[in-house]
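These notes are about the structure you will find just below.
Laboratory data are not the source of any read-out in this text; all were calculated from the coordinates shown. Because the structure is predicted, anything quoted here is derived from the model rather than measured. We place every Cβ from the backbone using ideal geometry, glycine too, and count neighbours over all the protein chains shown.
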Amino acid sequence: MLSNEANDRLTKVGPGTPMGELLRRYWHPVATTTELDHDPVVPVTLLCENLALYRDEQGQLGLVAQR
């Protein structure tokens, strides 16, 4: 059984947490390209952050903080 401290260290993924910092080093699939065909901006929640996935006029993908 894990202690509360060890459990928090392994399960909290928000910005500034040890596991959150580790997981931000890897790619995560968040949407399909067909989703962007229907709507050019898709809201995404990833690792406790609200983001906006979009496709610009040149067809490039972007992911920014949602406002």
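Observations
- With helices as the sole contributors, the chain gives -7000 deg cm²/dmol at 222 nm; each DSSP H run of n ≥ 4 counts as -39500 (n - 2.57), and the sum is divided by every residue.
- Environment charge of V42, counting only residues whose C-beta is closer than 13 Å and scoring Lys/Arg +1, Asp/Glu -1: -2
- Extension gain for T34-E21 works out to 1.7 nm (0.36 nm per residue, less the C-alpha to C-alpha distance).
- Restricting the chain to GluC sites (Glu not before Pro) that sit in a DSSP loop and have at most 13 other Cβ atoms within 10 Å of their own Cβ leaves E57.
- The loop-placed chymotrypsin sites (Phe, Trp or Tyr not before Pro) in the chain, going by DSSP, that have at most 12 neighbouring Cβ atoms within 10 Å of their Cβ come out as Y26, W27.
- Note on R9/R67: beta-carbon distance plugged into 1/(1 + (r/R0)^6) with R0 of 22 Å gives a FRET efficiency of 0.10.
- Cα-based equivalent ellipsoid, the chain: semi-axes from gyration tensor eigenvalues, Å: 31, 10, 10
- Each peptide among 10-16, 42-48 gets the average number of other Cβ atoms lying within 10 Å of its residues, and from highest to lowest they stand as 42-48, 10-16.
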